[in-house]
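This report refers to the structure that appears directly beneath it.
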Amino acid sequence: MVDPSYWVGRVIGASLEVMQQLGPGLLKATYEECLAHELKLRKVPIRVNVPVPLSYKGHQMDEGFRLELLVANTIVVEIKTSSSICDDDEAHMRSYLKHTRYKMGLLINFHAPDLKKGFRQVEMEKHRSRMAYAVLAQL
């Protein structure tokens, strides 16, 4: 099994490339599609718009929600296009992680003035590691 920090680094590198090529100001769907393409070019295993079944008090839903990107069956990636990533975005990601078996999510904001500040790593464990921040510190 590959260490999740490896995939975090690959996603961040691909995100920086997309931002360098496109710049800020485009639609969320544009960044999502371009990031998926960039990850595929880099041979990173991804799934796009992954439906997630959900159960509520015995009521089964085939598609309770969708994950925008799932990297290496390990990391949930959500694209944002706002001035900043807020606590609500992190809570949204935590909810996705709670209802799946995945333990880590990355929020990537392509409208951040500095893309290095446009990343937030979210984990379900109480003690969050700082993989994304360690990767960004090396840039």
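The values are calculated or read from the model by the stated rules, or taken from the named source; none is laboratory data. Here the structure is a predicted model, which means the values were calculated and not measured. Note that each Cβ is placed from the backbone with ideal geometry, even for glycine, and that neighbours are counted across all protein chains shown.
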I need the full set of residues from the range 56-79 which are part of a strand (DSSP E or B) and more than 12 Å from the chain's Cα centre (by Cα), in order please. Y56, H59, Q60, M61, D62, E63, G64, F65, R66
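Table: residues versus (1) among the β-branched types (V, I, T); (2) in contact (Cβ under 8 Å) with a residue 60 or more places away in the chain; (3) surrounded by fewer than 14 Cβ atoms within 10 Å (Cβ to Cβ); (4) within 18 Å of V122 (Cα to Cα).
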{"position": "V2", "(1), (2), (3), (4)": "yes, yes, yes, no"}
{"position": "A14", "(1), (2), (3), (4)": "no, no, no, no"}
{"position": "E32", "(1), (2), (3), (4)": "no, no, no, no"}
{"position": "N49", "(1), (2), (3), (4)": "no, no, yes, no"}
{"position": "Q60", "(1), (2), (3), (4)": "no, no, yes, no"}
{"position": "V77", "(1), (2), (3), (4)": "yes, yes, no, yes"}
Considering the range 84-108, residues that are farther than 22 Å from A72 by Cβ and not charged (D, E, K, R), and then whichever is surrounded by the most Cβ atoms within 10 Å (Cβ to Cβ), we arrive at I85
Residue count, the range 87-130, condition in a loop (DSSP other than H, G, I, E, B) and modelled with pLDDT of 90 or more, comes to 6
Identify the residue in the range 1-55 that is part of a loop (DSSP other than H, G, I, E, B) and hydrophobic (A, V, I, L, M, F, W, C) and, among all such residues, is modelled with the lowest pLDDT. M1
